[in-house]
Amino acid sequence: MAEKMIEVKNVSMKFRMSDEPINSLKEIFTTALSGKLKYNEFLALDDVSFDLEKGKTLGLIGKNGAGKSTTLKLISGILKPTTGTIIVRGNVVPMLELGAGFDLELTGRENIYLNGAILGYSKEYLQSKFDEIVDFAEIGEFIDMPIRNYSSGMMARLAFSIASVVQPEILIVDEILAVGDVAFQEKSYNRMKELMSGGATVLFVSHDLDKIEEMCDQVIWLDKGKVVMKGKTRKVCEAYRKS
Amino acid sequence: MKKTIKRLFLITELIFMVMVGAFYFLAGDQLVYKSTVHPIDLQDADSVSDELISGRVISQDFVCEMDKIEQIGIVFTKFYKEAKGTVTIELREDASLLFKQVFDMDDIPEQQRLFLRIVRPIRNQRGKTVTMRIYGDSQEGSAAAVMMNQGLSDGTILVDGRSVKGSLCFSVNGSDEIWIGRYYWYLAAALVTALAVLLYVSYKSYVNDRFNYLIRGILAVYKYSFLISQLVLRDFKSKYKRSILGVFWSFLNPLMTMTVQFLVFSTFFTADTQNYPVYLLSGVVCFSFFSECTTMCLSSISANARLITKVYIPKYIFPLSRSISSSINLAISLVPLVLACLILGVPIRPQALLFFYFLACLIVFALGIGMFLSALMVFFRDIQFLWTVLTQIWMYATPIFYPAEIIPDKFKFIVRINPLYHFIGNARTCLINGVSPEPSAYLYCFLFAMVSLIIGSYTFKKTQDRFALYL
């Protein structure tokens, strides 16, 4: 039996949501005094369990607000579950929102190092892969320009190149394939497949059922924080289409 | 990795030993003595003794309650006349002469204290009675006399062997031994051993793969050192990007602040402060570091909200990297401080090295406060405005542009509980006076820094899991 890279056991995630965000002392006092300090508890995930073996690709499907992104954030360690346990073995590269660590004032070159450091790459690794990143992103001579001058497409391409240059053990992807123009989308899609065939364990979120069917071994269908169905890709996708 | 840790620990131990040894020599006398708690204070004069004509001896006994007599002050009067001759002052214990000095009349100030610096301090007299004998060789009419207090004092003065009620107006100052001086090397050995044991235990638990806070910290720093250096670099680049003078601002800023404050306050405070510009500049440099560091840390989490909700990074990295960049700024602003010392003629003695101890404490203190504030900021955005006001208050409550001595006694407790006063005040003692503060100052500063760091990191650790939900 293959090694389990991700184990999620009975995980629930509860958000406390006040009707309006309370961010200041004054608001706390006024709402507390008027007795309006109430929280609506919102269960983003309700007793979710699954595990994923090494080298397999798992797709997550469901409507907006079903808990897909929360699941990814829990696995990448950004959020801590309210109850339940999550065990992740191996280094995780999250491609949640690309370029989150970009600093607009810095040049492309400086941002490659900064963003690479944020994703946990070492200095030597970045130096050796630097040209590859620049080539893949098709940035060319703009590399030494502050990225506030970049077009949004250039920025997205650079971000994708930095994130995908590693050979991660666990890759977490949240619908980022729609990056840049058609040609670059094709290129990045191929890169993703390359990473997957390189033995990476992948968690993949998309609304595009065709992509899911093409790439995933297993699928979990989430709705309102609950697992509706999990299993072989074809079976789950069929059931999801019918609903 | 095993080898690296081993080497790191060995180097740490060696550096610590060197520092403990160097400290003994840098701290010098301050490690052995502190100014006495039983000085003899000067009494107000209400009368005058007999004139010190040739052959007359005036003497008074006092009980020495200090380990070392260093200075004696006596008030004479010459009756506002031209006086001629000399005055001799002796200190005796029974038959043995402890000290003797002869003064010419011209050196004796009119009704002000004449200070006798006892160059080879008198030791081992604690609890004994010391006799002070004063005699002169002047002619009647041109002799001096000693000022006395007869109203309040119930002592006895002997004038040519005849007793007279009252006391001479004199003061005795000196110092007491402190135990640290005597036992310093034992203490040093204990500390060095304790560190060695700690490092050895940590190393062993690393080798045997057991959990250890120290090892975990080192590994985390090692793992994230590249990220930290990138974040620090970013702080610097984006701070000075698009400004013409760039990094020069780091040392122009304190200089300009100092100049402004100097122009405003110099008329009030120069008289009672030794080297006022350096006094001011050192205070400004330290305090601007503190306010910059805490303000930068304050926003470190909320400003990186996009990152924290998208990628997993240990969150303490953000306040830590901000405080590192502030510390680098501090190091840059030390350049003008050193230049000012050289230009204004403050001799830089080896003791100035001790300055860095107090700076280190200040940095740790600021980091602790910064972590606390950054965690608080996530939940209460109001803290950013409140903190601006609080730092203002804190600045005025700390003797930065005014000397600590002008604070009235009833408010002295404010500076005594103010950690910044301890850091800045002791740093100044090392830098400007070139002497070490007394050993307890090191302990206080260490404790202030540690308490702040513990409170800050504890609050941070307790709340960090909820950051992503509130950002």
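Out of all the residues in the stretch B:230-285, which are touching a Lys or Arg at 6+ places or on another chain (Cβ under 7 Å) and of a type in the set (Asp, Glu)? The one that is touching a Lys or Arg at 6+ places or on another chain (Cβ under 7 Å) and of a type in the set (Asp, Glu): B:Asp235. Annotation note: Cβ proximity below 7 Å between a residue of the stretch B:115-132 that is assigned by TED's automatic domain parsing to the domain that holds B:Asp67 and open to solvent by less than 10 Å² (accessible area, probe 1.4 Å) and a residue that is of a type in the set (Ser, Thr, Tyr) and in a strand (DSSP E or B) (sequence gap 6+ or interchain) occurs for B:Met132/B:Ser59. Here the stretch B:200-241 is the region considered, the condition is being of a type in the set (S, T, N, Q) and within 11 Å of chain A (Cβ to nearest Cβ), and the residue that is farthest from B:Phe9 (Cα to Cα) is B:Ser238. Entry remark, the stretch B:93-114: residues being in contact (Cβ under 8 Å) with a residue 40 or more places away in the chain and open to solvent by 70 Å² or more (accessible area, probe 1.4 Å) number 2 in total.
Just so you know, in the stretch A:74-119 the residues that are facing chain B (nearest Cβ under 8 Å), within 23 Å of A:Lys56 (Cα to Cα) and part of a loop (DSSP other than H, G, I, E, B) include one that is most open to solvent (accessible area, probe 1.4 Å), and it is A:Glu97. Residues that are in contact (Cβ under 8 Å) with a residue 24 or more places away in the chain and of a type in the set (Val, Ile, Thr) were ranked within the stretch B:265-279; the one that is most open to solvent (accessible area, probe 1.4 Å) is B:Thr273.
Here the condition is being part of a helix (DSSP H, G or I) and within 34 Å of the chain's Cα centre (by Cα); of B:Leu214, B:Leu219, it holds for B:Leu214 alone. Taking residues in the stretch B:280-307 that are under 21 Å from B:Leu252 (Cα atoms) and open to solvent by less than 10 Å² (accessible area, probe 1.4 Å), and partners anywhere that are charged (D, E, K, R) and at pLDDT 90 or above, the pairs with Cβ atoms closer than 7 Å and at least 6 places apart or on different chains are B:Ser282/B:Arg428. Only residues that are touching a residue at least 60 places away in the same chain (Cβ under 8 Å), in a strand (DSSP E or B) and either of a type in the set (D, E, K, R) or crowded, with 18+ Cβ neighbours inside 10 Å (or both) were counted in the stretch B:165-211, giving 9. For the residues B:Ser452, B:Ser457, the requirement of being among the small types (Gly, Ala, Ser), in a helix (DSSP H, G or I) and open to solvent by 20 Å² or more (accessible area, probe 1.4 Å) singles out B:Ser457. Of the numbered criteria (1) within 25 Å of B:Lys204 (Cα to Cα); (2) open to solvent by 60 Å² or more (accessible area, probe 1.4 Å); (3) among the acidic types (Asp, Glu), the one B:Asp46 fails is (1).
Annotation: A:Val228 fulfils all but one of (1) modelled with pLDDT under 85; (2) open to solvent by 30 Å² or more (accessible area, probe 1.4 Å); (3) not charged (D, E, K, R); the unmet one is (1).
The values are calculated or read from the model by the stated rules, or taken from the named source; none is laboratory data. Note that the structure is predicted; figures quoted are calculated from it, not measured. We place every Cβ from the backbone using ideal geometry, glycine too, and count neighbours over all the protein chains shown. The protein model used for the area step is the full one, side chains on, heavy atoms only, and it has no ligands, DNA or RNA in it. Shrake-Rupley method; radii C 1.70, N 1.55, O 1.52, S 1.80 Å.
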